[in-house]
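First up is the structure itself, then whatever we jot down about it.
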Amino acid sequence: MATERYTRFKDISVSERVLNTVFLLTIGLGYLMALANLYYTHQGHDGEAGLSIEDVMINYHGSNGSTRLGSAINGIMEPNLKYKSDKEVILKWIQEGAEETGYDEKIAPILNRDCILCHSPSINPNLPDLTNYAGVAEVAHSGGASYPRLIRVSHIHLFGIAFILYFIGRIFLLCDINVYVKRVAVVIPFIAMLIDISSWFVTKINPAFAYVVVGSGGLMGLSMGLQILLSIYQMWFYTNNDE
Ligand code: HEC
């Protein structure tokens, strides 16, 4: 063994190992709670129980079927339509992206006839304003995550998770394993987190990226979990036969 070497788990005191262990276990539990929270906040967006890739797509990208205008005329507002056929006209317009082109000639006449007697700010300021394109667009677009929300959640994740990964990584570096494995292993969760967060923004534009969100999120959890488990194992159950 070389005379100059770095600190390993066997070089640290038992109290330090105890502290490391309770920290890692608490983070592990926190991670499980984060997964449970993810499940409960995002499951069922697609109308079916359980978390699916469609739920992730709807969360970031939105869904044409679930606009407020679409659900309203499929549901409680339907009886206000004078002609049933107008429902298809509106739904088709929503499906095609609820663009301003076509609004004036196809959509406005229907809303002006059947809806604005209630949906006008002068009559009821609490209802969606259906007297102009801007007001209608607000309820006709699919939603998904807004940029302010994505930016808010991103900065919380970047600051918070960077700290968590840093401390887990510092402890993990005391493991007695191949140095090249370690050098790569400490970087993986950070890269996975960056890919995860950037793909939220991409998924807002292209729903297929929901797979990247799930894959990179999973990779981060997995690599973090392995660092935690290996560290706890080496701290308490591992003896180096070289010395
Ligand atoms: C008689 C008055 C009246 C008419 C006419 C009317 N609405 Fe409404 N609308 C309401 C009321 C009241 C609410 C709020 C209902 C609630 O929150 O339960 C509402 C809510 C809505 C909402 C919001 C639903 C949500 O997500 O909160 C939309 C969208 C909507 N109406 C669209 C329409 C359309 C389209 C028409 C014309 C076909 C129409 N409404 C005609 C009274 C009306």
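Taking region 142-159, which residues are away from the ligand (no atom under 12 Å from the Cβ) and in a loop (DSSP other than H, G, I, E, B)?
The initial filter retains those residues of region 142-159 that are away from the ligand (no atom under 12 Å from the Cβ), namely 142, 144-159.
Passing the criteria: S142, G144, A145, S146.
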Go through (1) more than 12 Å from the ligand (Cβ to nearest atom); (2) surrounded by 11 or more Cβ atoms within 10 Å (Cβ to Cβ); (3) over 30 Å from L25 (Cα atoms) and name the single condition E138 misses. (1)
With the requirement that a residue be open to solvent by 100 Å² or more (accessible area, probe 1.4 Å) and either within 12 Å of the ligand (Cβ to nearest atom) or of a type in the set (G, A, S) (or both), what does region 94-122 give you? L117, S122
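Residues of region 24-49 being modelled with pLDDT under 85 and loosely packed, with under 12 Cβ neighbours inside 10 Å, which ones? Lay out the reasoning, then the answer.
So the first thing to find is which residues in region 24-49 are modelled with pLDDT under 85, and the list is 41-49.
Correct list: G47, E48, A49.
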Can you pull out the residues in region 74-133 that are assigned to a helix (DSSP H, G or I), closer than 24 Å to S63 by Cβ and acidic (D, E)? E78, D86, E88
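Can you find, within region 85-96, the residue that is modelled with the highest pLDDT among those that are of a type outside the set (S, T, N, Q) and out of contact with any helix residue (DSSP H, G or I) (no Cβ under 8 Å at 6 or more places or on another chain)?
Going residue by residue through region 85-96, those that are of a type outside the set (S, T, N, Q) are 86-94, 96.
This time we only want the ones that are out of contact with any helix residue (DSSP H, G or I) (no Cβ under 8 Å at 6 or more places or on another chain), so: 88, 92, 96.
On the way: E88: 93, K92: 90, E96: 81.
Once the filter is applied, the top-ranked residue is E88.
Evaluate region 121-132: report whether one residue or more is in contact with a His (Cβ under 8 Å, 6 or more places away or on another chain) and either of a type in the set (A, V, I, L, M) or assigned by TED's automatic domain parsing to the domain that holds G225 (or both).
So the first thing to find is which residues in region 121-132 are in contact with a His (Cβ under 8 Å, 6 or more places away or on another chain), and the list is 127-131.
Pick out the ones that are also either of a type in the set (A, V, I, L, M) or assigned by TED's automatic domain parsing to the domain that holds G225 (or both) and you get 127, 130.
The answer is yes; a qualifying residue exists.
The values are calculated or read from the model by the stated rules, or taken from the named source; none is laboratory data. From a predicted model like this one, the values you see are computed outputs, not experimental measurements. With ideal geometry, Cβ positions are generated from the backbone for all residues, glycine too; neighbour counts draw on all protein chains shown. When the accessible area is computed, the model is the full protein with side chains, heavy atoms only, and any ligands, DNA or RNA have been set aside. Shrake-Rupley method; radii C 1.70, N 1.55, O 1.52, S 1.80 Å.
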